[in-house]
Amino acid sequence: MSQQKILLPADRLWSEVKTARAKALECGALKPIVTECKIVEQDGIPFIVRIVSNLDRKEQAKQQQKEKTFLTGKEFNPFLPYDRDLFVADISDTHLCLLNKYNVVDHHLLIVTRAFEEQENLLNLSDFTALWAVLAQIDGLAFYNAGKIAGASVRHKHLQLVPRPLAGDRVNIPIESVLEKVVLTNSIGNIPQFHFLHAFSRLNIEPKASLFEAASITLDRYQNMLAAVGLSESEENKQSGAYNLLVTREWMLLVPRAAESYRSISINSLGFAGALLFRNAEQLESIEDCSLTDIIKNVALRI
């Protein structure tokens, strides 16, 4: 694979994000989802629990997309063409950066392939290079919902990134409170509080490493983690099973998926970072008989 051309200027992205967000809010293209947020400490993890105030706009948009797909026979793709009012920056000749239209966390970014690729395709060097071009300028939590069961709502390949901290000045990334106890063997380890199949790894990338060096290291570690949990490449570069991937500048976590939801509570990658979203207070009350770690355990593969 030839090395792609990086188009993103150094030290400009955060400014571009703030400018794009202000314009998108003003014109109504960006539709933030308002939530009530609280911290629930369980198993040594300060879980971020968000309760949605109103999901009507997003649900209405989903219904309109379904109706359009039914009438035209063509599945709706929000990235081809993408909404220019949500555009942030060109990352490379293969990827661009957009705002997440229905964002729960402010400055939630999408790293999208320019040409259509399936979300169930395995990540490659171009994907990780584009990701590191963003991570180098914005310290955050990147993630990939690999397949519908893993929480992907769009088939077009895209990674996502939310800046840290994830809950104002209260919590950075919840699971980081327990990562010090992870013991690695051949660069792969397990989080003691996670009683389900997963793989954790530290990146240890030198500060002076180039984007391409960082991407190569991350790709190699990603492939090792897939192998560690029994996921492999199937035909035409597609994954053999759904999974969630989380990436920061310092570490990676990969979790194979068994189900998309538990008791109607949908879980994506952020759930395994310790951030859960509930549709309403009643939904939160309905799981009082189980812990938050039990919720994410029940959508993952058992050991």
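The values are calculated or read from the model by the stated rules, or taken from the named source; none is laboratory data. Bear in mind that the values here come from a model prediction, so they are computed numbers and not experimental data. We place every Cβ from the backbone using ideal geometry, glycine too, and count neighbours over all the protein chains shown.
Scanning the range 212-270 for residues that are more than 14 Å from Lys148 (Cβ to Cβ), touching a residue at least 40 places away in the same chain (Cβ under 8 Å) and of a type in the set (Ser, Thr, Tyr) yields Ser216, Thr218, Tyr222, Thr248. Taking the criterion of being without any contact (Cβ under 8 Å) to a residue 12 or more places away in the chain and touching a His at 6+ places or on another chain (Cβ under 6 Å), no residue of the range 160-188 qualifies. Within the range 258-280, the set of residues being in contact with a Leu (Cβ under 7 Å, 6 or more places away or on another chain) and of a type in the set (Lys, Arg) comprises just one member, Arg279.
Only residues that are surrounded by 17 or more Cβ atoms within 10 Å (Cβ to Cβ), assigned to a strand (DSSP E or B) and out of contact with any Leu (no Cβ under 8 Å at 6 or more places or on another chain) were counted across the range 183-217, and they come to 2. If the condition is being among the acidic types (Asp, Glu) and touching a Cys at 6+ places or on another chain (Cβ under 9 Å), then the range 1-48 contributes only Glu16. Do we find that Ala281 is among the small types (Gly, Ala, Ser), in contact with a strand residue (DSSP E or B) (Cβ under 8 Å, 6 or more places away or on another chain), over 20 Å from Leu161 (Cα atoms) and at pLDDT 95 or above in this structure? Answer is no for this residue.
Asn172 meets the conditions (1) farther than 23 Å from Ala275 by Cα; (2) surrounded by fewer than 20 Cβ atoms within 10 Å (Cβ to Cβ) in every case but one. The failed one is (1).
Of the strands (runs of 3 or more DSSP E) that lie entirely inside the range 57-145, those containing 1 or more residues that are at pLDDT 95 or above and closer than 20 Å to Leu253 by Cβ span 109-113. Check whether at least one residue in the range 111-122 is buried (at least 23 other Cβ atoms within 10 Å of the Cβ) and within 11 Å of the chain's Cα centre (by Cα), and report yes or no. There is at least one residue in the range 111-122 that is buried (at least 23 other Cβ atoms within 10 Å of the Cβ) and within 11 Å of the chain's Cα centre (by Cα).
Counting only residues that are part of a strand (DSSP E or B) and more than 14 Å from the chain's Cα centre (by Cα), the range 157-177 holds 2 of them. Consider the range 124-133 and keep the residues that are crowded, with 21+ Cβ neighbours inside 10 Å and not hydroxyl-bearing (Ser, Thr, Tyr). The one that is farthest from Lys238 (Cα to Cα) is Ala133.
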